[in-house]
Every structure is written in structure tokens, then in C-alpha cells.
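Okay, so here's the structure we're looking at.
The values are calculated or read from the model by the stated rules, or taken from the named source; none is laboratory data. In this text the structure is predicted, and so the values were computed from the model without any measurement. Note that each Cβ is placed from the backbone with ideal geometry, even for glycine, and that neighbours are counted across all protein chains shown. Heavy atoms of the whole protein, side chains included, go into the accessibility calculation; ligands, DNA and RNA do not. Shrake-Rupley method; radii C 1.70, N 1.55, O 1.52, S 1.80 Å.
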Number of protein chains: 2
Amino acid sequence: MKKEIPYKIYLEESELPTHWYNLRAFMKNKPAPLLNAETLQPMTAEELSEVFCEELVKQELDDTTPYIEIPQEIRDFYKMYRPAPLVRAYCLEKALGTPAHIYYKFEGNNTSGSHKLNSAIAQAYYAKQQGLKGVTTETGAGQWGTALSMACSYFGLDCKVFMVKCSYEQKPFRREVMRTYGANVTPSPSATTDVGRKILTEFPGTGGSLGCAISEAVETATKLDGYRYVLGSVFNQVLLHQSVIGVETKTALDKYGVKPDIIIGCAGGGSNLGGLISPFMGEKLQGKADYQFIAVEPASCPTLTRGKYAYDYCDTGKVCPLAKMYTLGSGFIPSASHAGGLRYHGMTTTLSQLCDDGLMEARSVEQTKVFEAAEAFARVEGILPAPESAHAIRVAIDEALKCKESGEKKTIVFGLTGTGYFDMMSYEKFHDGKMTDYIPSEEELAASLAKLPKV
Amino acid sequence: MKKEIPYKIYLEESELPTHWYNLRAFMKNKPAPLLNAETLQPMTAEELSEVFCEELVKQELDDTTPYIEIPQEIRDFYKMYRPAPLVRAYCLEKALGTPAHIYYKFEGNNTSGSHKLNSAIAQAYYAKQQGLKGVTTETGAGQWGTALSMACSYFGLDCKVFMVKCSYEQKPFRREVMRTYGANVTPSPSATTDVGRKILTEFPGTGGSLGCAISEAVETATKLDGYRYVLGSVFNQVLLHQSVIGVETKTALDKYGVKPDIIIGCAGGGSNLGGLISPFMGEKLQGKADYQFIAVEPASCPTLTRGKYAYDYCDTGKVCPLAKMYTLGSGFIPSASHAGGLRYHGMTTTLSQLCDDGLMEARSVEQTKVFEAAEAFARVEGILPAPESAHAIRVAIDEALKCKESGEKKTIVFGLTGTGYFDMMSYEKFHDGKMTDYIPSEEELAASLAKLPKV
């Protein structure tokens, strides 16, 4: 009774998710709580509320409510760029000559160019509801900053973005996109904060780091009246919002009677993958269905495959609480030769716990192989993927080629988180044969892991 | 019996157009034929076939067949990025406080970032059908070159793009997108052609021009065995392919019982606007319905509003045939202060004839006003528009504000041709208050028009 599968499955507006899927509610082994870095006690709602919006703190701590209603205002905004299409990769299948069926959920059809907007709009909404004047955040290359700028512009909130200085100067385009949406973009380190001034005095010529930008954003949020800090990945609340990806994907597949065998996503902080797998993993945890889940990470930043499952700082600057997660150590920075994103030293606690429980596997891939997959994909499927997303493409192609060999007709679903329009400098490196791979040595990782806090 | 209008109307795959709409077939006053620049006689199919693919020549000359079937292979490719959504601009309406209903057809959801892909894939298909090895073309900022690279990659055709040298050097990102799709991108003028060598000798430091790039592309196509030249706008065949925009738009509106009052599009060479209006203008020509059509052009390149309706060269290099069209003279180049596209000195013959017959009106707008509209639109509707597309937004907003004043509840439809991700340098100029307006003087235009060929 299967209907013919179109190239792209678009849900009707009436089929859009009404609730976020709170995966933690279905987990027997809950993700470990955040700890206050000084007292080593679980962070309370009160403590978290000094930095985060109240409703978001509730979501951060809620590991029992299975479905959390999406407020109408957020659903209205989702309607502007969602449903994201679930695409049947007919052309890729043909090019590979595989019997496998390949689908990808494409989150790049919005100006932020990625899935980040799903959580940005939610966080901006709750900030507005709380009567705040604005929010602060950090951004590296600018994907998250762009998404937040769009969301704040929609709700008329002030948006202060601390952008890592070298990106601010070398990647002016995303900065201008943020300015188009009215955001206040400051190169970090800046003279506007204590931590920024301190770093500028110590290292006058520094290009900045994400860790420093986080510290500046948090400091600004806590010092200014009517501001809170918001963030783009890692935290539970972000995974929760990103579950719209998975809920839409599952609804679309169910409509056509398709059950995936393998679900693949790239993993940096883990929010997109966590969102994609949520309802599927929920079924698996309830024994209703089984799926193979694969998290894909760069070989140059191998958090899940070579990191340690332990309490660590979420940020280099150590202003955030401690989280129990797979980590390479909060001081770990991928080699400068690493072109794409997914540079985070840790992993959201939910995915960390699921990996530790053996419910999800992880693979690391080298970047030249990732760009090869990206280019092959672009040429047949049209979409030019972000380097991050291309990690998932790499493994999806590998799995499809395994099916070609074995003759298995598996159904593979992967998350295509975004587009690579602002990553053409990395593509240029690849085209010019100047891209190299880097795998950190055992010694390098051991040295970084030796600095984990004693908890 | 009207259904509630969703934010975005997506057609089902089964509702996608099966035929292009050949507007010329419905015109009583046909667009004037192309003339051989030497003999001043109408170009024959044989003459055109030296430069263009055979089937495309047929389409170029066919002004009687009302509906031309879209080959299945092209429809399959269309399925990869179409239907383009028809968006109800609820948020813009609210922000403007207008009783008008505003819709826009968004063509930017593909890697080329614009509607150009609609014709690129058709031209690549016919080249492949003819057994050619490849095609040549020119590109300025790179939108058309990108679209053609994608199309050629899909059909395994070689694609040689001559890219205006200053863009090649100053805008490396689109160049890298083209390389990702396997295109051969050469900065023009180049030492690979006679015309390129001649110009390099005369003007060693030149940054190139579109006129020169066209000449190099045509020369290469005619000299190489198994190659033809393809082009992204102005010609009838391109308008024909772009009619998918209009057919989809009309199908989507009809589904919800919506009849537009005003249809607005930006006009450079005229292909997107020609495509958008095709089925609506067809109805108007047959007396079945009436609509107001508005072509919007930059005040700095005011072809329809201040040009002359006469035979002129289609290209600066004068290698193409003569076309009867509104023109500013083939030597006209908009002021260097002009930031966006829509720089073409002429206008496709079909739209020129329709304007001359009083069936369509034209307006020119200044660029600072265009960027103001672009930013206002982005902030409420999310999408960051290309400067070209923002010309249509400007007039759509102006018309909606008129409705606010008069209380009229008009339905306004405009074409949002593409995204502005590769135009952030122009946005930066605008944000920094460095953007100026330029309106050519009567004397400047008269001097350019004085050089029209004597036909």
C-alpha cells in the first residue's frame, strides 16, 4: 500500500509539529545534571536564571515531561520557513548505483542557512515573554549569530553578538547579514567587558576565541539590566527545540510507510543530531522499534570516538557550569588545518549518555573525504552542503556503498543541516589541493584530558 | 468557499507544470524578429544554429505554439528544487499595517540562489540531446554561471564560463561554487581567445566587461568542436523556460481562489518578469481577465522608463544579432555607484513589445530606497533578498502603502527572484551609509542613444 515517494516530501502546515519531543523523558539513564563549578552541587533553577531566561531554565531541567507544547507564536514563525523538506535522494542513489534508499532532511532553506533558527526563535520568544530588553550570545563563523539576529528582529528584541575577532574581520559577510537584521555585532575580545579588556591587555594582537566570546556574552548579560544569555547548542533546551527536525522527519516518513534502518547526523555540540533522532530514539527506548544511529564527527575533533565520558567545563573560559559529557578537555582546540565546523570539545549530555549506554554509535571522518562527499553530493543533488553537514553525507554514502556490495536495500536517513555558501574559502582550499587531514596524537589528547576538573 | 491561505503554498509534485507557456503565441503584436547585423534580414534558424543548440533555436523562433511540453528529464530536475513556494507575506502585511494581501513567489531555494536554474537546466538538456560535448557562457557576478554549472554537472556536460575579471578576483566565492560543480572558469579578458588577446594588448590592466566576456564565450563556442553558446536572459527561449514561475504561481493562486490585482517583478534582461507574468498576461491578451503589471528597474539603468524602443545590439561586443527592444544603447554602462544587478542596457523583445502596447507599465527606483525595502522585508519575512529582487519588494511595499491610505484590499503578487548571500558587500555599503543614488542625465542618455544602429 506504499504510495510513490516524491523527490521532496513537504508536510502540510496542518501537519507541522505542535509539541517538542523531550527525549530525556524516555531515557531510563537520565543525562547527568549540570554542576555548579564551585560547589559541585547540581545547578538550581535559581542559579541558572541569573544567566538564562526562566522558561528556558525550566526546559533545561525538565527530564520528565515527554511532550512540551510549542507556543503559537513560535509555530507561526516556524511556518515562515518550515516544514523543511525531507528529500528522497534519487539522484545520489542512481549515481552510487546502490539498492539503498536514501533520504535527507534539509534544514538549509532559511536565511540563517541552518537548523540553528529552530532554537533561536524559541529562545528569543521566551526572552520576549519574560519582558527582557534583549539577549547576548557569542558566535564563531556566524551561523548561530545569524539565526539569533533573525529571531530577535522578528520579536523586536535587542541582540548583542560577540563574534570571534578573526571571523569578524575575515568573514565580513555573515557579520553584514547579522547587521541587516539589526544585531549589534562586536568583535571579541572587546573593550566593552572586564574579561575582554583583560585579554586585550595580555594579548594585544589576539584574534579571539569562542571561549572568550562566551565569557564576554555572559558577562554582558549579567551586568546589563533586562538581558539574558542564550546559546546555540549543547544545552538540553536547544536539543528540545531541535526535536522539530525529528518529529517532522518521522511524520513525513510515516505518511509514506517508510521505516528507516539507519539514521545519521553530524555532531558538533550535538543539537541537530539530538533533534533529528529524538522521536526515533524514543521509540527505541520504549522497545517499539529499532534503529541504528550514527553520530559523525571530524577526525580532528574526535569527541565521541576518542574523548572521555566525564564532568568538564562547557566553555574554554570556564564561566558555564560543569556538564557530564564526552569531552576532549575544555582546552582542546582542533588543528588550524581543520576547515569545517564541529570544533566543540564536548558533546551534549543527552547524546553522551546514549552513546555511553550503547544506544548510538559514533564515527570520525577525515576532512578531505568529507569534502569529496560534499562535492559528489552537490553535483547530483544540487544542494551545496555546509562542511558540517557533509560529515553526515560522507557516512551516508559509505553506508549506501556497503549496501551496494551486500545487496541490502537499507533505508538511510541523514540530516543535511545547512548550506555552504559562506564556506567557499574551505571549498577553494579543497579544489586547489591545499586541504590536509589532521588526527590528534594519543599524547595530545592525553595531555588535554589530564586537565579535566576533579569531580 | 475560500480555503484558509497557509504561509507558504507548495504545489504537489503532481501539480508541477508539464508545459512551458509560450506567451508570444497569445500576442497579437508579436515581438519583432532578430536581425542579422550585417544583412539586416531576420535571423534564420540556420544562422542561429551556428551559435545556439538546434532545439533552442526552434523555441527562439516559435511564436505560435501556445504550450510547449517540458521534457521528462527536465521535469525530473525541476522536482529537485521546485515547486518554488508561493508565500503569503502575512508578517510584511502586519508590519505595514496594510489591508492589501501580499504574495511572493520565492525562487531562491536552490544553490544557484535564483530563478536562473529554470533555464540553465533546459539549455543544458538540449545541448546534451544534441550530442554536444559542452557549452560556453559568460557571467558577471556569477548567478547565471552558477546555475549553468549545476545544470551541466547534472547532465555530464563540460561547462566553460568566462567570468568578468574583476568579479573573478573580487568575488571568489561564486567562482568556487562553479568549480564545485566542475565548471571551467576563466577570467575575461583571457589569452584563450582572439578577442581576449586583442583587448589584453590594448588595455593590459582591464578588469573586463560583460560585453567582452560574451564575445569570448561566443568565439569559443564557434571554434571548438561540439560546443554551443548558451545565455541566461533576454532571449525568447529563456523567457519560455522561465514561464514555469508564472504557471506555478497561477496554479497555486487558483487552488485558493485568489486573483491578483497587481503583479510586480524586477526587470534586468526581463526573463524572470516575463516568466512570472506569462499565463496572467496570456489571459489579459485573450480578454479573460485583467491585471496590472509593473516592471521595476533601477533609476541608474532606466531601460523601460527612459530608453528608446528601437533595434539595437544585444551585447556591447556586437557579436549577437540586432533585437528590437527598449534600450539605452549597447554602450550604456550604469554608474560605478550602482550596487545591484539589473545592469543590462536593453530588455527582452517580448516585454518591450508589451510595454509599447501599453499592456505593462514600468517604474524606476533608486537603490537606497531599494535596500531600505530589502532590509525591512528581511527583518519581518526572514529571507535576505538579492538586490535585484528587492526592486520588486520596493514597489510591492509602495503599492501596499497606497492601499493603506485608500483602504483598498488589493492582492499584490511579486517575484522574489533570489537571495542576497553573495551581495553582502553591497549591504555593507548600505549599512555604513556609503551607498549613493545615481540618475543618468538627459545628456548622458541622449549621447548613448545617438549611437543606435541605423535600421
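Overview of values
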quantity	calculated
For A:LEU34, net neighbour charge (Lys/Arg +1, Asp/Glu -1) across residues whose Cβ lies under 10 Å away	-1
Over chain A, relative contact order from alpha-carbon pairs under 8 Å, at least 6 apart, %	19
Within segment A:305-411, GluC sites (Glu not before Pro) in DSSP loop having at most 15 other beta-carbon neighbours inside 10 Å	A:GLU408
Scattering curve values for the protein assembly as shown, log₁₀ I(q)/I(0), Debye with Cα scatterers, q = 0.05, 0.07, 0.09 Å⁻¹	-0.28, -0.55, -0.91
Unit charges at the beta carbon, dipole of chain B: most positive-side option, B:THR220, B:ILE5, B:GLY317	B:ILE5
Cα-only radius of gyration and Dmax that characterise segment B:211-320, units Å	17.3, 53
Mean-position separation - Cα centroids, segment B:7-74 and segment A:172-246, in angstrom	53
Accessible surface of the protein assembly as shown, 1.4 Å probe, proportion on carbon and sulfur as whole %	51
Rounded to the nearest 10 Å², the accessible area of A:ARG363 at probe 1.4 Å	60
Cα long-axis angle, helix A:387-406 against chain A (0 to 90 degrees, to the nearest 10)	20
Proximal lysines relative to B:LYS369, as straight alpha-carbon distance under 21 Å, when same-chain residues fewer than 8 apart are discounted	B:LYS94, B:LYS402, B:LYS404, B:LYS429, B:LYS434
Helix axis angle, A:367-381 relative to chain A longest principal axis, alpha carbon, degrees	60
Copies compared at B:ASP76 - label distances in nm, ascending, label defined 7 Å from Cα in the Cβ direction	4.4
Restricting segment B:194-291 to trypsin sites (Lys or Arg not before Pro) in coil, as DSSP defines it, with at most 12 other Cβ within 10 Å	B:LYS288
0 to 90° range, to nearest 10: angle between helix B:143-155 axis and chain B longest Cα axis	80
Nitroxide proxy distance, nm - points 7 Å out along Cα→Cβ at A:PHE155 and B:LYS259	4.3
Complex-versus-alone comparison for segment B:143-163, residues with a loss of 10 Å² or more in accessible area, probe 1.4 Å	B:MET150, B:SER153, B:TYR154
Approximate spin-label separation A:THR39-B:GLN170, in nm, with each point projected 7 Å along Cα-to-Cβ	5.9
Chain-alone versus full-assembly comparison, segment B:77-96, residues with accessible loss of at least 20 Å² (1.4 Å probe)	B:LYS79, B:MET80, B:CYS91
Antiparallel %, DSSP beta bridges [both residues in chain A], to 5	35
Computed log₁₀ I(q)/I(0) - Debye formula, equal Cα scatterers, no solvent, segment B:1-76, q 0.16, 0.18, 0.20, 0.23 Å⁻¹	-0.79, -0.89, -0.99, -1.12
Cα-based shape type of segment B:341-419, given that a ≥ b ≥ c are square roots of the gyration tensor eigenvalues and the cut on a/c is 1.5	oblate
Ratio of Rg to Rh over chain B (Cα coordinates, Kirkwood Rh, two decimals)	0.94
Cα gyration tensor, segment B:101-236 - rounded (a/c under 1.5), prolate or oblate	oblate
Solvent-accessible area lost in complex, 20 Å² minimum, residues of segment B:178-192 relative to chain alone, 1.4 Å	B:ARG179, B:THR180, B:TYR181
Across the identical copies, how the B:HIS431 labels are spaced - nm, sorted shortest first, 7 Å along Cα→Cβ	2.6
Label 7 Å beyond Cα on the Cβ vector: B:GLY331 copy-to-copy distances, nm	7.0
Simple spin-label estimate for A:LYS28 and B:ALA450 in nanometres, 7 Å along Cα-Cβ	9.1
Size of charge dipole - the protein assembly as shown - debye, nearest 20, with Cβ of Lys, Arg +1 and Asp, Glu -1, no other charges	540
Antiparallel %, DSSP beta bridges [both residues in the protein assembly as shown], to 5	35
Links that overshoot a 20 Å alpha carbon limit, given the list A:LYS8/A:LYS116; A:LYS259/A:LYS288; A:LYS250/B:LYS79; A:LYS308/A:LYS451; B:LYS58/B:LYS284; B:LYS30/B:LYS128	A:LYS8/A:LYS116; A:LYS250/B:LYS79; B:LYS58/B:LYS284; B:LYS30/B:LYS128
Heavy-atom accessible surface that A and B bury in contact, both chains counted, 1.4 Å, Å² to 100	4000
Per residue, in Å², the accessible surface of chain B once ligands and nucleic acids are set aside, probe 1.4 Å	35
Segment B:1-138: mean projected area of Cα convex hull, nm²	12.9
Rg/Rh (Cα only; Kirkwood hydrodynamic radius) as it applies to segment A:74-120	1.14
Cysteines (scope chain B) whose Cβ has no counterpart Cys Cβ under 4.7 Å	B:CYS53, B:CYS91, B:CYS166, B:CYS212, B:CYS266, B:CYS301, B:CYS355, B:CYS403
Gained length - A:GLN130 relative to A:THR222, 0.36 nm times residue gap less alpha-carbon distance	31.6 nm
Calculated FRET efficiency for the pair B:LYS198/B:ASP356, C-beta based, R₀ 25 Å, to 0.05	0.10
For segment B:248-331, share of DSSP beta bridges that run antiparallel, in % to the nearest 5	55
